[in-house]
Amino acid sequence: MAGSSSSAAGSLLPVIRHHVFLNFRGEDTRDNFIRHIYEQLQRKKIETYIDYRLSRGQEISPALHRAIEESMIYVVVFSENYASSTWCLDELTKILDCKKRYGRVVIPVFYKVDPSIVRNQRETYAEAFVKHEHRFQDKFDKVHGWKAALTEAAGLSGWDSQVTRPEATLVAEIVKDILEKLDSSSISDHQGIVGIENHITRIQSLMNLESPDIRIIGIWGLGGIGKTTIARKIYHKLAPHFGSSSLVLNVQEEIQRHGIHHSRSKYISELLGKEKSFSNERLKQKKVLLILDDVNDSGQLKDLIGGRGDFGQGSRIILTSRGMQVLKNAEADEIYEVKEMNFQNSLNLFSIHAFHQNHPRETYMDLSIKVLHYAKGIPLALQSLGSLLYDRTKEAWESELQKLEKLPDPKIFSVLKLSYDGLDEEQKNIFLDIACFYRGHEEIIVAQKLESCGFSATIGMDVLKDKCLISTLEGKIEMHDLIQEMGQEIVRQECCHNPGKCSRLWKVEQIHQVLKDNKGTDAVQCMFLDTRKVNEVKLHSKTFEKMENLRMLHFESDAPWIESNVVQLASSLESLPDGLKILRWDGFPQRSLPPNYWPQNLVRLEMRHSNLEQLWEPDQELPKLKRLDLSYSRKLIRIPDLYLLPDIEEILLIGCESLTEVYSSGFLNKLNCLCLNLCVELRSLTIPSNILWRSSGLILVYGCDKLETFSISNRTEVVQLSGCSHHDTFPTGKGWYYQEYPGWVNYRVDGTGGLCRARPSRAMHTFDPVVNIHRHEVEEKEEKEFYLLYPTMWSEGVSPTLSIPNELCWLDLSYCGSLTSLSFEFDLSKLKFLKKLLLDGCLEFKIFPEIEDTMENLAVLKLDATAIQALPSSLCRLVALEELSLHYCERLETIPSSIGDLSKLCKLGLTKCESLETFPSSIFKLKLTKLDLYGCSKLRTFPEILELHKRLLTLT
C-alpha cells in the first residue's frame, strides 16, 4: 500500500465525489445483500455509488469510468455467478487500476462463494471463462487481464459470508470497516479535504469525549467555509464510539420540505434503530451522537431536539450554523469558529480541482495565485473555480478572472446569499450599506451614521457579526471580499442596465453617468462619491429632483485641503431631497444651501472646505441635526442661532477664518463637542450649555487670538472670560514663533488625521495653526509612544472621548491673545468633570482665580507663556493634579507653599521663569519625577535640591 500511495502522489488526482463504489453481480445480490449494505451506508451518510441499470451494454460507459475514478473505497462483492458478467470484470479491472494509480482501498466480500474459487477461477468461475475465451478469441489479453484481476482481488483482505454470520452481522461489520477506513488520514488526503484534520482535532478536544455529561458543540462560520464537510468527517470518525448516531444534513431545507415533526422522527428512528416506540425514556438510555447541519432558527431548534435531558449520559450534539446567536440560544457548551484556509492549504485544495494534483502546473502558478487572492481561503470558492478552470487554456483562465472582476461566480454567490436572505429588512439595509460604503471604516463612526439613517445599528451589526457577514479588527469593520462582492451584486441586480434605478451608488463611473445625464430616480437611497477619483462632475439645477428617497449624499475628499471643486454646478441647485439624513459635500461650491431645501430630517451636515458664506437666508430650524461640520470654510461669515439646532451634539468650525460670532439664544442640553480652533476672526462665543459640567464635554478654541467674549453657562453658573482689546503684537494668520528649549517639543501634525500614535521628533521653531492642534511635552531622549489629538477624528464624526480610554472634559483656550483672566465671579471648582485646562500662550493672562472647592479630576493645568505673577494659595485644592506647566512665565515670582499638598503632582515645568527667586520648602514633600528649572536665572541655590534629585527621573 505504501508503494501505491507513493505512486499516487505523482499522478493526477480525480476529484472525489463518492465515498464508496459498489461492484456486484445484480442477479445474485441486488435485491438482498446489496440492498442491505446500501441502506446501512445511506443511514451512516456515506455517499455511495450504485448502478441501478438492469440491462447493461458490452462495455462500461465513460460515465461509469468517471464514477469509479471519483470514488474512495471500492466494495467488490464476489458471488456465484460474478465471473459470468463481463461488465463486472471490466469494472474490477478499472477498480484495481485506480488502486494502483491513486492508492485507493479495495474491500472484497465473498458472498456465498469460497475465496479460493475466485482466486483460482474454479467451478462456476471456470465455466464462465470457458465461454469468455470462446467469445473473445481475438482478445486474449483482455480475458487474461480479467483472470489476473480476480486473482489479485481475491488475495486482498476482506470479508467471507461463511465466516461472519448471520448476514446482518456481516453487513454491520462491513459498514464499520468502511467507516474506519474513511477515518484514515491517508484516505482523507485524497478526497480534496485539505487541512481538515486540524479542525477535527480541535473540535474533538471541545467534545471532551471522556466526560459523562451531555455536551452541545457548535460549529460556526460563513457559508461555503466547510462546516458541512467537517461535520461529515466528525460523524464518520466518531460514530463507532457511540451506541447510535445520526447525521441530519441541510436541516433548514429538511424542515421547510417535510416539517419539524418529520425531521425529528427521522433522526430518532435512526438513533433507536428498529425500536418502533419513539419514547423519550428509550432515548434517555442511549449514548448518542447527533449532528444537525445548517441550523438557522433558534425556535425550531428547541422543537427539533428538545433538551439535554432527552439524551443519555455521554451523548454529544453537534450543531453547524451561520448564526452565532442560534448556537448561543441552544446553550452550546463550546462554539468552534471555522476560519478561512491558509495560503498553502488553499493552493493544495484549488490544485486538486484545477489540475487533479496537489500543486499547480508551473506555467499556471501566477494565475493560480490570482484565483487564491479572489477566493480568500473559502473552500467552496476554491473548489468551484478549480473545477470550472480544469483543463482549460491560460487564455480561458484570464478571461474568467476578468469576468470575476465584474460578476461573482453564480454558485458561490447563491451559497453566500443564504446568510443575507435570513436577515430582516432593516438588517439587510445595514448590511448593504456596509458592503457598499463602510468596509474598513471605524465601527463607532459607522454605527453613528447608520443610526442617523434611522436604523438600530448596534443590534443590527451584532446580528451581522453573528452570521459571519462582518467582523471587527482594531475597532474597524472587516468584511470578506466575497461577502462584500455578494452584497454589491445584490444591489447591482436591482437594475443591471440602469444604475439610476439602484438603491445605492458608489462606483465613480456609475455616479458620473447618473449625475451627468440626470438619470437619478426615486429608487436611489444613497450616493457615495470619493471625489479624488474623478476629474470633474457637472450638476444641473434639478439633478436631485427625482431622487426623493435619497437619505445619504456623500461627496467626500480625504485630502487636508481642496484646491478646486471637483463637483461643479452648471447653475445653482434649486433643491435637495427633503428626506436627506446625511449630507456631506466637501468643497460645496455655492454661497448658501438651496433655498427650496427643507432640512427637517437632516441629522449630519458636513461641508468642509466649502464656499459657504452662510447656511440659509433666512435661518431655518434643524430639529434633528446632531453634527455640524463646516471646518475650513474660509468664507463663512455667520452661522445661525444654534438654538435652532436643539439636538446638536457636535459643532466643528475649525479654520473658519471669517467667522466672528458663535452664539445660541437658548440652552443646548446635548452639546458634547465644540471645536473652533483657528477661527482667527472670532470675537464672541456665547453658548448656554452644560458641556463643561459633564464628563464628556470638550471645548477647543485654540488660536482664536481675537476672542473677546467667552461665555459658557449652565442653568445656574457661568464660565466667563474677562477680555481686553486685541493684543496688537499677537500675530495672526500663519502662526507665531517659539524658541526651542530643552524638554519642550512641538509637533507638526497632519491636518487629516484623528487619534494617532507618533514618536518624538526634533523641536520646531515655527508651527502652522491650520494644521497644528496641540503640543505635548516629552523628554528629548524618551522613546515612548504617546497620543496626539488632532482634527480629523472630528471630520470622521466622532468626538475624541469616543476614542480615548477615559472620558475627559477639556477646556482649551490656548493662544487666545485677548484673554486676561477668568472672571472673579466664576468658581472654577464647579467644573467637577474638568480634567485638562489649557491656557498656554495667552500672553495677557495675568490672574488665576481662587479655587473655592476641591477639584477631584483636574489632572493637567498648563499656563505656559502667560503673564501670570503668582498662583493662588488655594492651589492645594487641585487634589488630582499630576502636571503643572509654567514654562516661559517670565513674570512669575512666587509659588505658594500649599503646592506641597499636591500629593499626585509628578511633573513641574518652570523653564525660563526668569523672575522666580525661591521655592517653598514644602516642595520637597512632593514625589516629582520631572522638574524643569532651565533658564530660571534668579533662582537661588539650596542644599535640599540634592535630596530632591534622588527621587527625580529628570532634572533640568
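The values are calculated or read from the model by the stated rules, or taken from the named source; none is laboratory data. Nothing here was measured: the structure is a model prediction, and the numbers come from that model. Using ideal geometry, Cβ is built from the backbone for each residue, glycine included, and neighbour counts are taken over all protein chains shown. Heavy atoms of the whole protein, side chains included, go into the accessibility calculation; ligands, DNA and RNA do not. Shrake-Rupley method; radii C 1.70, N 1.55, O 1.52, S 1.80 Å.
Determine whether region 564-582 contains at least one residue that is at pLDDT 90 or above, under 16 Å from LYS449 (Cβ atoms) and in contact with a helix residue (DSSP H, G or I) (Cβ under 8 Å, 6 or more places away or on another chain).
Yes.
Among the helices (runs of 4 or more DSSP H) confined wholly to region 2-49, which include 1 or more residues that are open to solvent by less than 60 Å² (accessible area, probe 1.4 Å), among the hydrophobic types (A, V, I, L, M, F, W, C) and modelled with pLDDT under 85?
Once the helices (runs of 4 or more DSSP H) in region 2-49 are filtered for at least 1 residues that are open to solvent by less than 60 Å² (accessible area, probe 1.4 Å), among the hydrophobic types (A, V, I, L, M, F, W, C) and modelled with pLDDT under 85, what remains is 2-9.
With respect to LEU659, determine if the residue is crowded, with 22+ Cβ neighbours inside 10 Å, without any contact (Cβ under 8 Å) to a residue 24 or more places away in the chain and not acidic (Asp, Glu).
So LEU659 fits the description; yes.
For the structure I just gave you, tell me whether VAL171 is touching a helix residue (DSSP H, G or I) at 6+ places or on another chain (Cβ under 7 Å) and surrounded by 14 or more Cβ atoms within 10 Å (Cβ to Cβ).
So VAL171 fits the description; yes.
Could you tell me whether region 895-916 includes any residue that is assigned to a loop (DSSP other than H, G, I, E, B), touching a helix residue (DSSP H, G or I) at 6+ places or on another chain (Cβ under 7 Å) and surrounded by fewer than 16 Cβ atoms within 10 Å (Cβ to Cβ)?
Looking for residues that are assigned to a loop (DSSP other than H, G, I, E, B), touching a helix residue (DSSP H, G or I) at 6+ places or on another chain (Cβ under 7 Å) and surrounded by fewer than 16 Cβ atoms within 10 Å (Cβ to Cβ), one finds none in region 895-916, hence no.
Looking only at region 471-506, which residues are part of a helix (DSSP H, G or I) and either among the hydrophobic types (A, V, I, L, M, F, W, C) or within 18 Å of MET547 (Cβ to Cβ) (or both)?
Within region 471-506, LEU482, ILE483, MET486, ILE490, VAL491, PRO499, GLY500, LYS501 meet the criteria.
So, in region 507-546, of the ones that are outside any loop (DSSP other than H, G, I, E, B) and among the charged types (D, E, K, R), which residue ends up farthest from GLN484 (Cα to Cα)?
Filtering first and then ranking leaves LYS538.
Which number in (1) open to solvent by less than 20 Å² (accessible area, probe 1.4 Å); (2) among the hydrophobic types (A, V, I, L, M, F, W, C); (3) farther than 26 Å from CYS704 by Cα marks the one condition that VAL879 misses?
All conditions are met except number (1).
Taking GLY440 as the residue in question, decide whether it is free of Cβ contacts under 8 Å to residues at least 40 places away in the same chain and in a loop (DSSP other than H, G, I, E, B).
In short, yes.
Cβ-Cβ below 9 Å, separation at least six or inter-chain, first residue in region 248-259 and in the same structural domain as GLU270 (by the TED database), second assigned to a helix (DSSP H, G or I) and surrounded by fewer than 12 Cβ atoms within 10 Å (Cβ to Cβ): which pairs?
Close Cβ pairs satisfying both conditions: GLU254/HIS262; ILE255/HIS262.
Scan region 838-862 for residues that are farther than 15 Å from LEU902 by Cβ, open to solvent by less than 10 Å² (accessible area, probe 1.4 Å) and within 49 Å of the chain's Cα centre (by Cα) and report the count.
5
Of the residues that sit in region 271-294 and are at pLDDT below 85 and in contact with a strand residue (DSSP E or B) (Cβ under 8 Å, 6 or more places away or on another chain), which one is nearest to ASP213 (Cα to Cα)?
Across region 271-294, the extreme among qualifying residues is LEU272.
Give me the helices (runs of 4 or more DSSP H) completely within region 102-211, filtered to those with at least 1 residues that are under 30 Å from ASN358 (Cα atoms), ordered by residue number.
The qualifying helices (runs of 4 or more DSSP H) are 140-154, 167-182, 185-188, 196-207.
Only residues that are part of a helix (DSSP H, G or I) and either open to solvent by 40 Å² or more (accessible area, probe 1.4 Å) or among the acidic types (Asp, Glu) (or both): list them for region 374-405, please.
Within region 374-405, GLN383, SER387, LEU388, LYS394, GLU395, GLU398, SER399, GLU400, GLN402, LYS403, GLU405 qualify.
Among the residues of region 406-436, write down those that are closer than 17 Å to ILE459 by Cβ, open to solvent by 30 Å² or more (accessible area, probe 1.4 Å) and not in a loop (DSSP other than H, G, I, E, B).
The answer is GLU425, GLU426, GLN427, LYS428, ASN429.
Could you tell me whether region 335-355 includes any residue that is surrounded by 17 or more Cβ atoms within 10 Å (Cβ to Cβ) and within 23 Å of GLU210 (Cβ to Cβ)?
So far as region 335-355 goes, yes, one or more of its residues are surrounded by 17 or more Cβ atoms within 10 Å (Cβ to Cβ) and within 23 Å of GLU210 (Cβ to Cβ).
What number of residues within region 236-265 satisfy the criterion of being surrounded by 14 or more Cβ atoms within 10 Å (Cβ to Cβ) and in a helix (DSSP H, G or I)?
Within region 236-265, residues that are surrounded by 14 or more Cβ atoms within 10 Å (Cβ to Cβ) and in a helix (DSSP H, G or I) number 12.
Quickly run through region 195-230 and pick out the residues that are small (Gly, Ala, Ser), closer than 18 Å to PHE350 by Cα and surrounded by fewer than 21 Cβ atoms within 10 Å (Cβ to Cβ).
Within region 195-230, GLY195 is the sole residue that qualifies.
Residue check: is PRO115 touching a strand residue (DSSP E or B) at 6+ places or on another chain (Cβ under 8 Å) and surrounded by fewer than 22 Cβ atoms within 10 Å (Cβ to Cβ)?
Considered against the rule, which asks whether it is touching a strand residue (DSSP E or B) at 6+ places or on another chain (Cβ under 8 Å) and surrounded by fewer than 22 Cβ atoms within 10 Å (Cβ to Cβ), PRO115 comes out as yes.
Which members of region 294-324 meet the condition of being crowded, with 20+ Cβ neighbours inside 10 Å, among the charged types (D, E, K, R) and over 24 Å from the mean Cα position of the chain (by Cα)?
ARG316
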